[in-house]
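Student: Pasting in a structure now, in structure tokens, and then I'll have a few things to ask.
What follows is calculated from the coordinates using simple rules that are stated; it is not laboratory data. All values derive from a computational prediction rather than experimental measurement. Because the Cβ atoms are built from the backbone with ideal geometry, glycine has one as well, and the counts that use them run over all protein chains shown.
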Amino acid sequence: MEKLYRLLYPMRIVLVTSRAKGKDNIMTAAWCFPLSMDPPLFGVSLSDSRHSFSVMEEGKCFGINLVAPEMREAALLCGTKSGREVDKFAESGLTKEEGEKIGCALIGESPVSIECRLVDTIKTGDHYLLVGEAVNVKKRKESKGLYQKAGTDWIEV
Ligand SMILES: Cc1cc2nc3c(=O)[nH]c(=O)nc-3n(C[C@H](O)[C@H](O)[C@H](O)COP(=O)(O)O)c2cc1C
């Protein structure tokens, strides 16, 4: 079967941060989208093979951190290595910030970070839709974003 999902590309790249038992992780995701205005809900679609999946399930929170063009290398690292093996905050050099409302880890270099409380996990085929309610938004600067066309072919918009 063709990769039909590619019909919707390019898609914005974000860094999803998670925290459980005092350990933080970062994962690159392109399947992240708004689900509801009131309440403000966002969804991120994850394979349960991702370490982030277990951390998010356990910690019940996650951060959606927009990616600026200068964060390309870090996004590549966070999308190719697993938090099971490496501390991606240490390896990427990204700055860890504390979420102000529910204390989830956020990324200081990100133009915008959305702190979410995990409110639902729905199995959708070979992925899981993790639904987060936005409890706080931190806007740091105006910036272009990075969008995935395919693989590592990313464009600035
Ligand atoms: C541009 C890009 C977008 C990605 N989007 C997703 C996604 O939406 N959902 C997903 O489950 N994995 C996605 N991945 C793969 C994960 O980021 C990758 O498997 C990562 O190593 C998982 O890290 P973890 O095991 O620490 O959670 C993407 C990777 C890249 C490079």
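Student: Would you tally the residues in segment 53-65 being within 9 Å of the ligand (Cβ to nearest atom) and among the aromatic types (Phe, Trp, Tyr)?
Tutor: Matching residues across segment 53-65 total 1.
Student: Six or more apart or on different chains, Cβ under 8 Å: which pairs go from a residue in segment 40-51 that's closer than 17 Å to residue 85 by Cβ to one that's in a loop (DSSP other than H, G, I, E, B)? Could you list them?
Tutor: Hits for this filter: 47/126; 50/82; 51/82; 51/83; 51/84.
Student: Within segment 17-40, how many residues turn out to be among the β-branched types (Val, Ile, Thr) and more than 8 Å from the ligand (Cβ to nearest atom)?
Tutor: Within segment 17-40, residues that are among the β-branched types (Val, Ile, Thr) and more than 8 Å from the ligand (Cβ to nearest atom) number 1.
Student: Within segment 136-155, track down each residue that is assigned to a strand (DSSP E or B), touching a residue at least 24 places away in the same chain (Cβ under 8 Å) and surrounded by fewer than 17 Cβ atoms within 10 Å (Cβ to Cβ).
Tutor: 136, 137, 139, 149, 150, 155
Student: Quick test of your reading of the structure: residue 6 fulfils all but one of (1) exposed (fewer than 15 other Cβ atoms within 10 Å of the Cβ); (2) under 17 Å from residue 105 (Cβ atoms); (3) among the basic types (Lys, Arg). Name the failing condition by number.
Tutor: Of the numbered conditions (1) exposed (fewer than 15 other Cβ atoms within 10 Å of the Cβ); (2) under 17 Å from residue 105 (Cβ atoms); (3) among the basic types (Lys, Arg), the odd one out for residue 6 is (2).
Student: I've got another one for you. Could you list, in sequence order, all residues of segment 18-29 that are outside any loop (DSSP other than H, G, I, E, B) and either more than 29 Å from residue 150 (Cα to Cα) or of a type in the set (Lys, Arg) (or both)?
Tutor: Those that are outside any loop (DSSP other than H, G, I, E, B) and either more than 29 Å from residue 150 (Cα to Cα) or of a type in the set (Lys, Arg) (or both): 19, 20, 23.
Student: Quick check on segment 111-134. Is at least one of its residues touching a Leu at 6+ places or on another chain (Cβ under 6 Å) and among the aromatic types (Phe, Trp, Tyr)?
Tutor: yes
Student: Being crowded, with 19+ Cβ neighbours inside 10 Å and more than 10 Å from the ligand (Cβ to nearest atom) is the requirement here; does residue 105 meet it?
Tutor: On the way: crowded, with 19+ Cβ neighbours inside 10 Å: yes; more than 10 Å from the ligand (Cβ to nearest atom): yes.
Spelling it out, residue 105 is indeed crowded, with 19+ Cβ neighbours inside 10 Å and more than 10 Å from the ligand (Cβ to nearest atom).
Student: Now for a different question. Being within 22 Å of residue 155 (Cα to Cα), β-branched (Val, Ile, Thr) and touching a Lys or Arg at 6+ places or on another chain (Cβ under 9 Å) is the filter here, so list the residues in segment 40-83 that pass it. Break it down stepwise before answering.
Tutor: The initial filter retains those residues of segment 40-83 that are within 22 Å of residue 155 (Cα to Cα), namely 44-45, 64-81.
Now drop any that are not β-branched (Val, Ile, Thr), which leaves 44, 64, 67, 80.
Scanning segment 40-83 gives a single hit, 67.
Student: Could you please give the count of residues in segment 70-96 that are over 22 Å from residue 150 (Cα atoms), touching a residue at least 40 places away in the same chain (Cβ under 8 Å) and near the ligand (Cβ under 9 Å from one of its atoms)?
Tutor: Adding up the residues that qualify gives 2.
Student: Also, quick follow-up: Restricting to segment 41-52, name every residue that is within 11 Å of the chain's Cα centre (by Cα) and near the ligand (Cβ under 7 Å from one of its atoms).
Tutor: Residues satisfying the conditions are 44, 45, 46, 52.
Student: Any idea which residue in segment 1-39 is nearest to residue 97 (Cα to Cα), counting only those that are touching a residue at least 60 places away in the same chain (Cβ under 8 Å) and among the aromatic types (Phe, Trp, Tyr)?
Tutor: 31
Student: Just name the residue that is nearest to residue 98 (Cα to Cα) out of those in segment 113-131 that are surrounded by 12 or more Cβ atoms within 10 Å (Cβ to Cβ), within 14 Å of the ligand (Cβ to nearest atom) and not hydroxyl-bearing (Ser, Thr, Tyr).
Tutor: Among residues in segment 113-131 that are surrounded by 12 or more Cβ atoms within 10 Å (Cβ to Cβ), within 14 Å of the ligand (Cβ to nearest atom) and not hydroxyl-bearing (Ser, Thr, Tyr), the one nearest to residue 98 (Cα to Cα) is 130.
Student: Just to confirm my filter: which helices (runs of 4 or more DSSP H) fall fully inside segment 30-119 and include at least 3 residues that are under 16 Å from residue 133 (Cα atoms)?
Tutor: In segment 30-119, the matching helices (runs of 4 or more DSSP H) lie at 51-59.
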